[in-house]
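Notes for the one structure printed next.
The values are calculated or read from the model by the stated rules, or taken from the named source; none is laboratory data. Predicted model only: the values in this text are computed from it and were never measured. Just the protein is used for accessible areas: all its heavy atoms, side chains included, with ligands, DNA and RNA removed. Shrake-Rupley method; radii C 1.70, N 1.55, O 1.52, S 1.80 Å.
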Amino acid sequence: MIKYAKRFLCLLLVAGLLCGCGRSHIKSSYIKEGIELLAGLGEGLVEGLVNAWTSDEEDDDYIDVNFSRADNELTEQANQVYEALKEKDIESIKKVFAPCTAKKYDLDKEIKKLFKKIEGNVISIGEASGWTTGYAHDAEKGYLYVDSEEKLKNITTDEGKSYCMTLFGYYSNSQSKDKVGISFLYVSEGKTENVNHEVYEIGGSEQ
């Protein structure tokens, strides 16, 4: 949108300059004056017009987010975490964490502890879902960051236990790619999230 607006303004400016001397019979003096006028505008303006018409650099830097697609991707990731819980697959769970969180915590050790805290083997889940929860937007740069949340409700085990898992993080972050991913995983006992019955957490709630 920015690209086309810039090009439209360029056309208006150039058309305005040309229309000022546009006649069926243009005198040579008019042509000379027109050339001198354009020269008087300076090379900077001419270069600016060319750049505005040809450059897509600003558009390349603009961060856009399809929130519907983002929510679908986060839901799919929540389902993958559920499958990893069933299989006790440490590597697959590690992949969802943000690089900065992986550097700060020993995820192999933390995830092993998580498996031990969940009594029994995971056999089913009530629902796995994901969605974007908040963002910061700049008119020139687009979305500076988009928060994410994923939830696995009513995780049941073969020992009759129920748990709820919530994962917080960034879906996108133009200021730090190392922060993209999950920064905080929280597990509570029960079919839905219950802060009074915490089982285990990985990472930090601050983003």
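Annotations
- Once the 1.4 Å probe is applied to the protein heavy atoms, the range 75-125 comes out at 58 Å² accessible per residue.
- Kirkwood Rh (inverse of mean 1/r, distinct Cα pairs), the range 139-202, angstrom: 13.1
- Heavy-atom surface of the range 151-199, accessible at 1.4 Å and reported per residue (Å²): 47
- To put it simply, the accessible area of the range 105-162 at a 1.4 Å probe is 42 percent carbon and sulfur.
- For the range 74-207, the Rg and Dmax computed from alpha carbons only, in angstrom: 14.9, 54
- Seen through its C-alpha gyration tensor, with square-root eigenvalues sorted a ≥ b ≥ c, the range 82-123 comes out oblate because a/c lies at 1.5 or above while a/b is not bigger than b/c.
- Under 5 Å, built H, 5+ apart or other chain: amide partners of S183: A98, F168, G169, Y170
- For the range 58-123, the relative contact order is 30 percent, taking Cα pairs closer than 8 Å that sit 6 or more residues apart in sequence and dividing their mean separation by the residue count.
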